[in-house]
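Heads up, the thing below is written out as structure tokens.
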Amino acid sequence: MGLVFSLLGPLRARFDGRELDLGRPQQRAVLAALLIPPGQLVATDRLVEDLWGGDDTRWPKDPVGQIGTHVHRLRRALGAPGLLVGTAGGYRLEVPRTAVDLFGYEAGVAEAVALRHQDPLRAREVLQRALGAWQGPHALDGVPGTFAERVRERLAAGRFAAVKALHGLDLALGRHAEALEPLAGLAAGHPRDEEVHRLHLLALHRCGRTAQALAAYEDLRERLDGELGLEPAPALVELAEQIRRGDAPVLLRRLPRPGQLPPDIPDLVGRAVQLREAERLLRAGGTPVLGLSGPAGSGASALAVHVAHAVRDAFPDGQLYANGELYAGGREHAGGGGSGAVLAGFLRALGERPDSSAGLDELSARYRAALAGRRVLVLLDGVAEPGPLLPSVPGCAAVVAGADPGALPGDAVRLAVGPLEPHDAFELLARIVGAERVRREPDAVAELAGICGYLPVLLRTAADRLASRPQWTVAELVRWFAERG
């Protein structure tokens, strides 16, 4: 069995089944930062910020010394000194990912997501087993520090989404009676989550409690109007109308809800104005198209992904994604290797089976039909001909990065993405290499930002190089760039 770690609940370590004493809370916080992910070098100044935050006025007198003391005690607690390696400027915990419950859980959720349309029964089994890895209500329960708090928030959101997916699979498999009680609890605990309420209404209806379903819908509608001045999402309104008319089938057709967005960029900085404008546009209804463009390295693609994640709750029926010539589905199609291939992949993701001989016009018509009545977000990055891929039905929207602005429809909203402001460039570097290193060399940091043209992609590349070389100063990296022209 060896050494294993549990993060999904209280932080625990066991060796061959024997519980290890991990010491005081701050010592546990250092261990947590070294475990996510294991084997990665974590700079000492990053550990200081993870434990005490970015405000150095709140740090203890000798934070680096305290980190060293915690590491020394952790080596003794783990009973294997060679696992926790110290290098110039940082530490690394050399244990495999399979020794940490978090990564097995995340792999199980990812497997369930991949299976949910082809084999919902298997997907439910995998997802239920993955959720069974949780040993408490909160990850890293009782572990202090800003890093632990960020991890808790991220995992809590992911766990909630996984639980919703589990009950969605229950309804797809006809297990509405089993799902009813837990969905009622979720609806009570999350009064504004419309997807939970949609599942709850559907479970009530399928259990023959139609009047209660309609009463629950009216209660939600009045609460959203009174507290937020909003109407329920169209999918929820449509379901309520179906139930009210008596034409909602006992088992509705299972419509796939693709979730194709790439991972979000957690440390995006300096784009607050564009993000606010993008959210306002995409949440306003209609069929909005947002174009983001800028010079190479400006991070338009990263901003597009971040925007898509920020508004994904407004598009509960799924998100589609295409990147250049790479497309969802992965097979050539008679409609063409460009837009036709992407459309064929989108149709498969939406639960359709496009004819391999269909031309672009037929694919476009089927695409519009598949989107009708659904709220789907389409994210296109670097696609040469975005026009045929843009949704043209109410309730759907598109975010397009890197396309020629002239290729977008006349009513599209275009936002420019330029270089970062100097203070934002400093913030990006500080987040990656540590605030202390940036504060120590403000002139060198300013020179490095200038070399990178204040472009976030180049800044991130430079910062990653620094982060992987904790013994380097910023000035040394500047000289390294200068020597290479």
- Query: For Asp264, are the conditions met, namely being out of contact with any Pro (no Cβ under 6 Å at 6 or more places or on another chain), among the acidic types (Asp, Glu) and at pLDDT below 85?
  - Reply: no
- Item | Residue that is in contact (Cβ under 8 Å) with a residue 40 or more places away in the chain and outside any helix (DSSP H, G or I), where the choices are Gly174, Gly208 | Gly174
- Item | Scope segment 363-385; condition touching a Gly at 6+ places or on another chain (Cβ under 9 Å), at pLDDT 90 or above and not acidic (Asp, Glu); matching residues | Val376, Leu377, Leu380
- Say whether the condition of being within 30 Å of Glu49 (Cβ to Cβ) and either over 20 Å from the mean Cα position of the chain (by Cα) or surrounded by fewer than 17 Cβ atoms within 10 Å (Cβ to Cβ) (or both) is met by at least one residue in segment 159-167. yes
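Listed here are the residues, each with its yes/no results for (1) more than 20 Å from Val438 (Cα to Cα); (2) polar (S, T, N, Q); (3) within 27 Å of the chain's Cα centre (by Cα).
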residue	(1), (2), (3)
Leu34	yes, no, yes
Gly53	no, no, yes
Gln66	yes, yes, no
Ala77	yes, no, no
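Strands (runs of 3 or more DSSP E) wholly in segment 1-95 with at least 3 residues that are buried (at least 21 other Cβ atoms within 10 Å of the Cβ) and assigned by TED's automatic domain parsing to the domain that holds Leu428 - which ones?
Correct list: empty, since no element meets the threshold.
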- Task: Check Glu106, Glu111 and return the single one that is under 30 Å from Ile432 (Cβ atoms) and outside any loop (DSSP other than H, G, I, E, B).
- Result: Glu106
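The values are calculated or read from the model by the stated rules, or taken from the named source; none is laboratory data. Worth saying up front: this structure is predicted, and the values here are computed from it rather than measured. Here Cβ is always computed from backbone atoms with ideal geometry, including for glycine, and neighbour counts include all displayed protein chains.
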